[in-house]
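Encoded as structure tokens, the structure appears first; notes follow it.
The values are calculated or read from the model by the stated rules, or taken from the named source; none is laboratory data. In this text, all values refer to a predicted model and were calculated from it rather than measured experimentally. Reconstructed Cβ throughout: ideal geometry from the backbone, glycine too, with neighbour counts over all protein chains shown. Keep in mind that these areas ignore ligands, DNA and RNA; they rest on the heavy atoms of the full protein, side chains included. Shrake-Rupley method; radii C 1.70, N 1.55, O 1.52, S 1.80 Å.
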Amino acid sequence: MARITSGAGTTTTAATANTGFGERFTDHMVTLRWSAEGGWSGRPELLPYGDLAFSPAMAGLHYGQVVFEGLKSHRLADGGLGTFRPDAHARRFQLSARRLAMPELPEELFLEAVDALVAADGGVLPADDPHLSLYLRPVLFATEPCLALRPAREYMFLLIAFVTGGFFSDQPDPVSVLISRDFSRAAPGGTGEAKCAGNYAGAFLAQQAAADAGCRQVVWLDPVERRWVEEMGGMNLFFVRGSGPSADVVSPPLTGTLLPGVTRDSLLTLLAGSGHTVREERISVEQWRAESEAGVITETFACGTAALVTPVGEVRDGGEGWLIGGAKPGPVTLALREALTDLHHGHAADPHGWMRLHTRPAHRSPTPSTT
Ligand code: COI
């Protein structure tokens, strides 16, 4: 596996190379194990990034007890590093684990793991490229070598990281989306609100259909009536009605089949503070189309840790389609993207205490050690 080296000279080249999302990882990883007998095995351990060995009968491989998170650390204006809302991610990680009958990692151990990896590898983030961030990927999976059909009795928590410029692009380029009429992402009472690996595997075929239709992403409808817009790929959606400071902003409510996005929650808070009327309200495909064509819906955007705030420019539904806001990023989308980015980089006040500040990391990784 190729790695981004952490020496100052090579870092910038590796980090800014167009390597694709999640293809090259930093030098370290953090691990922690859990067993039914002993619970969590102490403190998170910082190790050199490397392959792991598991039993072919590992339960997670067979029955899919795998949950994960995605969060980011950013280089701050003062040269330090800050991680955006790791506590909220820790809590969602617990929610996901609970849904899959897995052990919940205590929030303080999650934060300790984040601190350890950012301290070791955060130095790979160059000071002069605000588009780059350190994407942290915590994952918890069943390691017990046992194929009994029950929750496993052994698990591993793992945290790895990579440098990314963004899921789509550094720029707010509008994406095209295909409404999936053939597939559902989630079902009532299912795992839709958990960030579990199976939700993503189950989405790939629809994502592929979107790509075959020339679209960047798939849009999911509610699984019961199949008319209410729920999510876009692994991201939440927002719709802007009207324009200017009095524009209304709507996001589909968390019905249990949607992922409760941390970015979604942050944007709802930022929007409410900016004077917009914000509602969590269902919107049907028919409304989306009619109101976009009538110029009532002026903007639609998706959000997520990886996608940040990404405008949707064109919607395809079967053989038909429509544009939103002339397929150009709208002012609310751009303002939110900037507000979030400013927060991430310490260019704006942080009244909610969302940024976890790290001590300024060295530009070279320390010798691998145990925390
Ligand atoms: C994220 O924004 O972190 C996501 O969930 C998308 C990711 C699975 C690539």
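When the stretch 178-210 is filtered for residues that are open to solvent by 60 Å² or more (accessible area, probe 1.4 Å) and either within 15 Å of the ligand (Cβ to nearest atom) or closer than 13 Å to residue 256 by Cα (or both), the ones remaining, listed by number, are 188, 189, 193, 201, 204. Selection of the stretch 160-174 for residues being assigned to a strand (DSSP E or B) and within 14 Å of the ligand (Cβ to nearest atom) yields 160, 161, 162, 164. For beta carbons closer than 7 Å, sequence separation of 6+ or different chains, a first residue in the stretch 225-236 that is within 13 Å of residue 259 (Cα to Cα) and a second that is within 16 Å of the ligand (Cβ to nearest atom) and of a type in the set (Phe, Trp, Tyr), the qualifying pairs are 230/220; 231/220; 234/200.
Being hydrophobic (A, V, I, L, M, F, W, C), away from the ligand (no atom under 13 Å from the Cβ) and surrounded by fewer than 17 Cβ atoms within 10 Å (Cβ to Cβ) is a description that does not apply to residue 240. Pairing each residue of the stretch 260-287 that is surrounded by 14 or more Cβ atoms within 10 Å (Cβ to Cβ) with any residue that is among the aromatic types (Phe, Trp, Tyr), provided the two are 6+ apart or on different chains, yields C-beta distances under 6 Å for 282/228; 283/239; 284/228. Filtered by the rule that a residue be of a type in the set (A, V, I, L, M, F, W, C) and away from the ligand (no atom under 16 Å from the Cβ), the stretch 63-79 gives 76, 77.
Of the conditions (1) modelled with pLDDT of 95 or more; (2) open to solvent by 20 Å² or more (accessible area, probe 1.4 Å); (3) outside any loop (DSSP other than H, G, I, E, B), residue 12 fails just one. Which one is it? Evaluating residue 12 over (1) modelled with pLDDT of 95 or more; (2) open to solvent by 20 Å² or more (accessible area, probe 1.4 Å); (3) outside any loop (DSSP other than H, G, I, E, B) leaves (1) as the failure. When 99, 92, 33 are screened for being of a type in the set (D, E, K, R) and under 27 Å from residue 355 (Cβ atoms), only 92 passes.
The numbered conditions (1) open to solvent by less than 60 Å² (accessible area, probe 1.4 Å); (2) outside the structural domain of residue 51 (by TED's automatic domain parsing) are all true for residue 146 except (2).
Among the residues of the stretch 128-159 satisfying the criterion of being touching a strand residue (DSSP E or B) at 6+ places or on another chain (Cβ under 6 Å) and part of a loop (DSSP other than H, G, I, E, B), which is nearest to the ligand (Cβ to nearest atom)? Only one residue tops the list, namely 132.
Looking at (1) over 26 Å from residue 264 (Cβ atoms); (2) free of Cβ contacts under 8 Å to residues at least 60 places away in the same chain, which one does residue 103 not meet, given that it meets all the others? Every condition holds for residue 103 apart from (2). Scanning the stretch 293-303 for residues that are of a type outside the set (Asp, Glu), touching a strand residue (DSSP E or B) at 6+ places or on another chain (Cβ under 7 Å) and open to solvent by 10 Å² or more (accessible area, probe 1.4 Å) yields 296, 298.
For residue 218, the criteria (1) more than 23 Å from residue 92 (Cα to Cα); (2) within 15 Å of the ligand (Cβ to nearest atom); (3) outside any strand (DSSP E or B) hold in every case but one, which is (3). Residues of the stretch 76-96 that are part of a helix (DSSP H, G or I), open to solvent by less than 50 Å² (accessible area, probe 1.4 Å), aliphatic (A, V, I, L, M) and touching a residue at least 60 places away in the same chain (Cβ under 8 Å): 88 alone. Scanning for something more than 29 Å from residue 21 (Cβ to Cβ), out of contact with any strand residue (DSSP E or B) (no Cβ under 6 Å at 6 or more places or on another chain) and either modelled with pLDDT under 95 or of a type in the set (Val, Ile, Thr) (or both), does the stretch 319-341 turn up at least one residue? Yes, the stretch 319-341 has at least one match. The single condition among (1) more than 17 Å from the chain's Cα centre (by Cα); (2) under 29 Å from residue 327 (Cα atoms) that residue 150 does not meet is (2). Within the option set 47, 71, being of a type in the set (A, V, I, L, M, F, W, C) and closer than 16 Å to residue 358 by Cβ holds for one residue only, 71.
Give the residues of the stretch 221-235 that are in a loop (DSSP other than H, G, I, E, B), on the phi < 0 side of the Ramachandran plot and more than 15 Å from the ligand (Cβ to nearest atom), sorted by residue number. Scanning the stretch 221-235 gives 222, 223, 224, 225, 227.
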